[in-house]
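The values are calculated or read from the model by the stated rules, or taken from the named source; none is laboratory data. Computed from a predicted structure; not experimentally measured. All Cβ positions, even for glycine, are placed from backbone atoms using ideal geometry, and neighbour counts span all protein chains on display. Just the protein is used for accessible areas: all its heavy atoms, side chains included, with ligands, DNA and RNA removed. Shrake-Rupley method; radii C 1.70, N 1.55, O 1.52, S 1.80 Å.
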Amino acid sequence: MSGAATKHTGQGRTPQQDTGQGYDARPYLPEGGGLPRLRRAAAHCRGCPLFADATGTVFGSGTRSARYVLVGEQPGDQEDREGKPFVGPAGRLLRKALFEAGLDAREAYVTNAVKHFKFTVAERGKRRIHKPPSLREMTACRPWLEAELRAVDPDLVVALGATAGKALLGSSFKVSQQRGAVLPMPDWDALGEGPAHDGTDRRAHLVATVHPSAVLRATDREAAYSGLVTDLRAAAGALG
């Protein structure tokens, strides 16, 4: 989606949209209002089929005065149950890494590219196993991320992992190649279209790194964690 942002009232939705088959969250966005109104509207989003199995929408957390925004992939099991982003083990590790990198977690707005938990259930038992969102699901949910970024208007965006990077900069993004680099952020209503061109008047920048859950899964966790902190230090430098 490029150009001026399209506003929707949430009226006139089709049955296909209300079952999530429309794969588009835009009809559920409120017209005007800040983060509280967006959060209330997102609670009723059926922009893709993921709403059907998740406990509820997990919207972003933080204030509109946040200096930087952390964007992850999607809620995990604990986040889905509590309704808040990054409250599980990955979130605890992230807050530790932010502190070591010199970033104040109180200045962050934290959210995900996809707002509902996607999972499969283990063959034995009731354990819910994370399943990565599809490109279609990520694209359907992107209007919420655009709206959050417009409302906060941060100086810096940190993409945590490949899904967040693709949601912000497009499908050609590769976290392994672009992590730690300070990139120009596209306009909030042009997410997914690649970095802004040189000379953009947008003051925000983007730094990508791995998702903290990848650190928890790493064979050499110490090295993976060190790399995360190094990338976040680059983000701290860009934030000034």
Subject >> Residue among Gly165, Gly47, Gly20 with the largest mean-square fluctuation in a Gaussian network model of the chain, springs linking Cα atoms under 10 Å >> reply: Gly20
Original post:
Which lysines have a Cα less than 23 Å from the Cα of Lys115, not counting those fewer than 8 places away in the same chain?
Top reply: Lys7, Lys84, Lys126, Lys131, Lys166, Lys174
Original post:
Counting DSSP beta bridges in the chain, what percent are antiparallel, to the nearest 5?
Top reply: 30
Original post:
How large, in percent, is the carbon and sulfur part of the accessible surface of the stretch 70-130 at a probe radius of 1.4 Å?
Top reply: 49
Original post:
Using a 1.4 Å probe, how large is the accessible area of Arg39, given in Å² and rounded to the nearest 10?
Top reply: 90
**OP:** Under 20 Å from a label point 7 Å along Cα→Cβ of His44: give me every residue in the stretch 86-128 with its amide N that close.
**Re:** 115-116
Subject >> Overall form of the chain per C-alpha gyration tensor (a/c, 1.5; a/b vs b/c) >> reply: oblate
Original post:
Size of the stretch 17-73 along its principal axes in angstrom, Cα-based, largest extent first?
Top reply: 36, 25, 16
**OP:** Loop only per DSSP, at most 10 neighbouring Cβ atoms within 10 Å: give me the trypsin sites (Lys or Arg not before Pro) in the stretch 94-185, ordered by residue number.
**Re:** Arg124, Lys126
**OP:** Within the stretch 205-240, list the trypsin sites (Lys or Arg not before Pro) lying in a DSSP loop whose Cβ has at most 12 other Cβ atoms in a 10 Å radius.
**Re:** none
Original post:
How far apart, in nm, are the 7 Å Cα→Cβ label points at Thr230 and Arg106?
Top reply: 3.1
**OP:** Skip the ligands, DNA and RNA, and give the accessible area per residue of the chain with a 1.4 Å probe, whole Å².
**Re:** 49
**OP:** Inverting the mean 1/r over all pairs of different Cα atoms, compute the Kirkwood radius of the stretch 156-238 and quote it in Å.
**Re:** 12.9
Subject >> Solvent accessible area, Å² - Thr139, 1.4 Å probe, full protein context >> reply: 60
Original post:
Measuring from label point to label point, each 7 Å out along Cα→Cβ, what is the Val182 to Thr120 span in nm?
Top reply: 4.2
Subject >> Expected 222 nm ellipticity per residue - DSSP helices of 4 or more, -39500 (n - 2.57), all of the chain, to 500 >> reply: -10500 deg cm²/dmol
